Each structure stands twice: as structure tokens, then as C-alpha cells.
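For reference, the structure discussed in these notes is given below.
Each reported figure results from applying straightforward, stated rules to the coordinates on display, with no laboratory input. Keep in mind that what you see is a predicted model, and the values were worked out from it rather than measured. Cβ atoms come from the backbone with ideal geometry, glycine included; neighbour counts cover every protein chain shown.
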Amino acid sequence: MVEKKFLKAVKEFELIQKNDRILVAFSGGVDSTVLVHLLLKLKKTLKISEIALAHLNHSLRGRESDKDQEFCINFAREKNLPIFSEKIDVKETAKKEKLSVEEAARKIRYGFLKKIKEKEGFNKIATGHHLSDLVETMILWFIQGNKKGIKGFKPKDGSLIRPLYYTTKNEIISYAENNKIPYTVDRTNFKTDILRNKLRLNVLPLIKEINPSLEKSMLIESQLLQLDDDYLEIESRRFSQKFPSKEIKFSQIKNLHEAVLYRVLINWIKRETGIYPSYRKILEILKTLKKKGEKRVSLGKGFILIKTYSGLVIETERKSGQIFYKIKPGEEILIKEAGIMLKSFITEKVNWNKMKDEKRFVCFDIREENPEFIIRNRKEGDKFLPFGKKTEKKLKDVLIDLKIPRFMRDTIPLLEFRNKILWVIGHKRSGYYPVDEKSKNVICFEIKEV
């Protein structure tokens with residue numbers, strides 16, 4: 001039965017091809033020893049070129065860990081197999097990198113396997129993960145609210161293969177006993193203060209009373225969930241490529257179903273900030289998208305997501321700095337807070353074509369010798385006279401009308417003269433000191449490329 005299921009997985013998922021060089025993640029436990037036994041027994045049938053073992057001593061159980069390492073080396077010698085073995089202090093690494101022991105062990109283990117694979121030229125890494133592991137993984141992640149883990153693992157993930165995918169733990173143990181395959185037993189597997197062990201020893205037996213065919217049911221569920229998730233991930237990555245910057249326009253995502261949209265947001269945020277947002281955070285963002293007005297969501301690590309009038313923007317959290325410069329005609333200054341160069345000059349002939357673009361070029365009829373202008377950011381009570389109007393408006397209302405996001409309003413420089421705002425630089429000029437055909441010695445301001 002075990003051999004039949006092994007071959008079924010190999011054939012169905014194309015786990016092993018002719019001339020494969022396979023590195024086995026070998027702990028010495030029953031799963032990995034049975035896996036090695038099967039690979040050796042079927043080596044000629046599957047036309048495997050080479051089999052080698054890789055054992056990592058995690059130093060978590062003192063002398064017992066060392067004994068396991070000795071067992072693995074002796075096992076390899078008896079089978080005439082090459083073995084790569086190292087010893088590392090996982091607890092120390094976990095402490096240094098601020099990870100849980102489980103996270104550190106997994107990271108180190110797969111890094112160890114990858115290093116040997118690449119150095120020694122193996123093209124496959126085989127692990128002893130089986131059907132019972134799949135069920136435990138799915139339920140464990142479900143309990144902890146991790147949607148990504150609920151689907152479990154695949155029989156093949158790149159160069160990583162799991163030939164025991166269809167085989168249960170009980171079947172593996174029986175096969176080892178019937179074929180007199182030696183293996184080690186990790187006594188910590190029976191400690192119920194470890195969550196996975198508690199699930200395996202106390203919870204799963206109760207669930208199996210309700211559904212004796214639990215493994216079969218969960219296997220089908222895992223495969224269907226994998227299909228759904230694979231499709232949605234492909235779609236989300238396809239859309240994510242359309243957003244190469246820290247901004248997404250609503251027009252770009254308005255037709256996306258939320259199942260694709262939240263994946264797009266995860267990929268986008270991860271790429272732009274290095275942060276993998278939690279599902280709780282993603283739900284918060286989805287709810288924010290449905291609200292009116294500008295909204296902000298903290299992403300952590302100094303990043304914020306801002307919902308503006310037109311889309312989503314990722315910004316670094318920063319306190320508004322004070323902007324204050326003085327400029328006279330004929331001068332040119334860099335407004336570093338806004339990242340723009342502003343040039344001022346006097347002209348007798350107005351360039352009316354340029355004047356059409358008030359975001360970059362403005363002129364004023366100020367008949368004063370050597371006037372001095374101030375550049376500053378906004379302050380409480382600021383008023384602004386829109387061009388062509390006779391009454392002033394609150395500057396705040398003008399910025400809202402211009403659809404300038406709230407987080408940007410304190411960083412926009414204003415050009416001021418005699419306590420009157422002449423220009424919201426880069427956006428809108430005021431109605432003060434208008435220029436006409438009779439104007440001479442006009443003072444102009446132009447934004448130049450930095």
C-alpha cells in the first residue's frame with residue numbers, strides 16, 4: 001500500500017524524472033527513513049541517478065540530538081549513501097534574529113538544504129512530509145487564523161518534492177515495522193505543551209470520531225483550495241505588475257473583485273515597503289476604500305497608506321517641517337521640502353502661452369522696487385483670493401477643491417507678498433496683482449526641473 005501510494009504521487013505530480021539527483025532531508029525519524037528506503041528500493045525503476053542525505057543537528061535536545069546525528073551518519077554508511085551533516089545552535093540563532101525557535105529552525109533547515117543542493121549539484125530536495133502532516137498543517141493554520149496556510153502544502157513546490165503526500169503516518173509506521181527499517185524517536189513529539197503535538201495527540205482523535213475519513217476529506221479540500229489560490233495569485237500578480245510605483249489610481253482597480261484586489265494590495269505593499277500586511281490590516285484597508293473622503297492606515301515600520309480622492313498612495317510617516325524662504329526678482333532657490341527649483345525674474349514682455357500653465361509659470365504686476373517675497377507652508381486662518389473672484393476663501397477649502405490630499409497640504413509651498421498668498425506653488429495662482437496688456441516690468445516665477 002505504501003509503495004503503491006508513493007508511486008502514485010510520483011507519477012501523478014511528476015515528482016521524479018530520469019537521472020534526478022535527489023537530496024533527502026534526513027532527520028532519522030520514521031518518515032525520512034521510510035522515504036530513503038523507498039527511494040533506494042525504486043531507484044532503478046525510477047531511473048534515479050543519485051541519492052544523498054542531509055542532516056541538520058538543531059542542538060535542541062542536547063545529547064539526544066547528538067545521538068540522532070550519529071544514527072543518521074551510521075544509517076548513511078550502512079546504505080552506502082553520501083551524507084552532509086552539520087550542527088547548529090538554533091536557540092541562539094532564534095534569539096539573535098528575534099524569531100521563535102520553530103521559525104528559526106525552519107529557516108536554518110531550508111537554508112542548509114538549499115546550500116548543499118546548489119553546491120553539490122542536486123536538482124531535487126525530498127522531504128518526508130505525508131498526508132497526516134498535511135491535515136495537521138491545515139487545521140493548525142485554521143485555528144491560528146492564517147488563511148494562506150489553510151490550504152496546506154503541495155506535493156511539489158519548485159525543486160522540493162514530497163513523495164509521501166498520499167501516505168498517512170500510521171501507514172508509514174506499519175511499513176517501517178514490517179520491513180524492519182530502523183529509525184529514531186523524538187521524545188519531544190509527545191510533549192503536549194507544543195501546539196502541533198497537542199493537536200495531533202488530543203484534538204485529531206476527537207475529530208476522527210466525527211469523520212473517520214478525515215485524511216481523505218482534507219486532501220480533497222487542500223487540492224481544491226490550492227487550485228483556487230493558484231488562479232487568484234496568478235491574476236493578482238498580473239494586475240500587480242501594472243503598479244510599478246507607490247501609487248494606485250482607483251480607475252485602475254475599480255473593476256477588480258475583492259478576492260483579487262486584496263491579493264493585489266498585499267503584493268503591492270510587500271513590494272514597495274517590504275511589509276507583509278496581516279489579513280486584519282488588509283480587511284481594514286478594504287473597509288477604508290468604501291469610506292468617503294481622505295483616510296489613512298498605518299502599515300507599520302514608518303509607512304502609511306493614504307486613500308486620496310483619486311487613489312491609494314504609500315508614504316513614509318513624517319512630521320511636517322517648517323518651510324521658510326525669501327526670494328527677490330533675479331534669484332533662484334531650491335525648495336528642498338517640495339523638491340522644486342523656483343526661479344524669479346522681471347520681464348517687460350509677458351509670455352502669455354506660458355501663463356496658461358499656472359502650475360508652473362505665474363506673473364504679477366507688482367510696481368515696487370526690489371520687492372521681497374516669502375515662501376512658506378500654510379498656517380491657521382490662511383485666506384486665498386481665487387483668480388477672477390472678488391472675495392477670499394479659506395485656503396483649506398481651496399486645497400480641498402484642488403483635491404490635494406490632506407497629508408500633502410502642509411508640505412505645499414505658498415508664495416506670499418505683503419501678507420497675501422499669490423500662488424499655491426505648483427497648483428493655483430491667486431487674483432492679486434493681475435497682469436494685463438498694459439503691464440510693464442512684470443515679476444514672474446517659474447518652476448524649473450531639479
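Here's the picture: charge each Lys and Arg Cβ at +1 and each Asp and Glu Cβ at -1 in the chain, and of F387, N74, L402 the one pushed furthest to the positive end of that dipole is F387.
Counting only the Cα atoms, segment 336-393 fills a convex hull of 145 Å³ per residue. Taking 20 Å as the straight-line reach from the Cα of K67, the aspartates and glutamates in range (excluding those fewer than 8 positions away in the same chain) are D31, E78, E86, D89, D186.
Straight-line reach only, C-alpha to C-alpha below 19 angstrom: list the aspartates and glutamates that K301 could link to, leaving out same-chain residues fewer than 8 apart. Candidates past the 8-residue exclusion: E97, E247, E272, E284, E315, E317.
Where (1) 68, 23, 20; (2) 53, 34, 16; (3) 36, 29, 20 are the candidate values, the label of the one calculated here for semi-axes √(5λ) of the Cα gyration tensor in Å is (1). Computed from the Cβ-Cβ distance with R0 of 56 Å, the FRET efficiency linking F387 to S278 stands at 0.75. Put a dot 7 Å past the Cα of K394, heading toward its Cβ, do the same for I207, and the two dots end up 5.7 nm apart. Cβ screening of the chain for cysteine pairs under 4.7 Å finds these without a partner: C72.
The angle between the Cα long axis of helix 258-273 and the longest principal axis of the Cα atoms of the chain comes to about 80 degrees, rounded to the nearest 10. Among K156/K290; K349/K389; K5/K119; K328/K349; K291/K356; K295/K359, which pairs are too far apart, with a Cα-Cα distance over 28 Å? From K156/K290; K349/K389; K5/K119; K328/K349; K291/K356; K295/K359, over 28 Å: K156/K290; K5/K119; K291/K356. Beyond 28 Å in Cα-Cα separation lie the following of the pairs K98/K281; K281/K428; K47/K114; K107/K242: K281/K428; K107/K242. Here the Karplus curve 6.51 cos²θ - 1.76 cosθ + 1.60, taken at θ = phi - 60°, turns the phi angles of segment 156-166 into couplings of 9, 9, x, 8, 8, 10, 10, x, 8, 3, 8 Hz, with x standing for Gly and Pro.
In summary, the aspartates and glutamates within cross-link reach of K124, defined as a Cα separation below 15 angstrom excluding same-chain residues under 8 places away, comprise E14, D20, E50, D157.
Using 0.36 nm per residue and subtracting the Cα-Cα separation, the extra length available between E78 and R296 on full extension is 72.1 nm. Helix-only arithmetic for the chain: the sum of -39500 (n - 2.57) across DSSP H runs with n ≥ 4, divided by the residue total, places the mean residue ellipticity at 222 nm at -12000 deg cm²/dmol.
Computed from Cα atoms alone, the Kirkwood hydrodynamic radius reported for segment 57-211 is 17.7 Å.
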